[in-house]
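Structure, as structure tokens:
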Amino acid sequence: MPFKRPADDQTIDCPDQIRALCSPMRHAIHQVVLSQGEASIREIAEQLGKKPASLYRHIDRLVEVGLLIDTGTKSTTRRDAKVYSSQLEFMRYSPRKPEMLEALAEFTRASLKDTGNKVSKSICSGQAVLPVPLRDTFIGSPAGWLDDEELGELNEHIDAIIELLANKPRKPDTKRVVISMGLYPA
């Protein structure tokens, strides 16, 4: 399935928004809300295995920069809970805006550093499942010489991976997995 250019109302195009996502916790919160469609702080905390109290300042920051929207409340057994949503899913690359390039570079460094730490932790803790076909942990840097047609094919595969992971709420007998990718001209 070819990638469709996102609408402007789905695009993260502000350096402050990108910098807010440099925090691994804020990035994870944003990803949970995107996959759920909308979620309360308690639901986000459950998805991430965290205590709700540890998320408030992160959520406040995401709301402040416009990455999360307070969409009202929903009733729970104890009290009404605020619910958050987000439509901002894609980062816009603006080569003529140095502040955007700097923010994207900062996000890239933070994301890949966090990925390295989490992959290492999963391996060292014994939680990683490495053998195929159901591995949940992989790290590597495969490289090759691609012509434009092959690069297009690679991009279709990347888009298919993104599509497979997109909008997948938590269900019984599932585990949360994250793929961090970095494609660059070597």
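Listing for the model above:
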read-out: Count of residues meeting criterion [out of contact with any Pro (no Cβ under 7 Å at 6 or more places or on another chain), in a strand (DSSP E or B) and among the aromatic types (Phe, Trp, Tyr)] in segment 84-107; value: 1
read-out: Unique residue being under 22 Å from residue 167 (Cα atoms) and either crowded, with 19+ Cβ neighbours inside 10 Å or among the small types (Gly, Ala, Ser) (or both) when the list is 55, 48; value: 55
read-out: Within segment 133-157, tally of residues that are free of Cβ contacts under 8 Å to residues at least 40 places away in the same chain, open to solvent by less than 100 Å² (accessible area, probe 1.4 Å) and either closer than 25 Å to residue 114 by Cα or among the aliphatic types (A, V, I, L, M) (or both); value: 5
read-out: Out of 89, 163, sole residue that is at pLDDT below 90 and open to solvent by less than 90 Å² (accessible area, probe 1.4 Å); value: 89
read-out: Restricting segment 108-148 to residues that are among the charged types (D, E, K, R) and not in a loop (DSSP other than H, G, I, E, B), the residue that is farthest from residue 17 (Cα to Cα); value: 148
read-out: Residue within segment 164-173 that is free of Cβ contacts under 8 Å to residues at least 60 places away in the same chain, under 29 Å from residue 67 (Cα atoms) and not in a helix (DSSP H, G or I) present; value: yes
read-out: Residue count, segment 96-132 (criterion: of a type in the set (S, T, N, Q) and loosely packed, with under 10 Cβ neighbours inside 10 Å); value: 1
read-out: Residue under evaluation residue 37, criteria (1) over 18 Å from residue 180 (Cα atoms); (2) open to solvent by 30 Å² or more (accessible area, probe 1.4 Å); (3) in contact with a His (Cβ under 9 Å, 6 or more places away or on another chain), criterion not met; value: (3)
read-out: Matching residues, segment 62-80, being surrounded by 17 or more Cβ atoms within 10 Å (Cβ to Cβ) and in a helix (DSSP H, G or I); value: 62
read-out: Options 86, 40, 54, 35; residue that is in contact with an Asp or Glu (Cβ under 9 Å, 6 or more places away or on another chain) and not charged (D, E, K, R); value: 86
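The values are calculated or read from the model by the stated rules, or taken from the named source; none is laboratory data. Keep in mind that what you see is a predicted model, and the values were worked out from it rather than measured. Note that each Cβ is placed from the backbone with ideal geometry, even for glycine, and that neighbours are counted across all protein chains shown. Side chains are part of the model used for accessible areas, which takes the heavy atoms of the whole protein and leaves out ligands, DNA and RNA. Shrake-Rupley method; radii C 1.70, N 1.55, O 1.52, S 1.80 Å.
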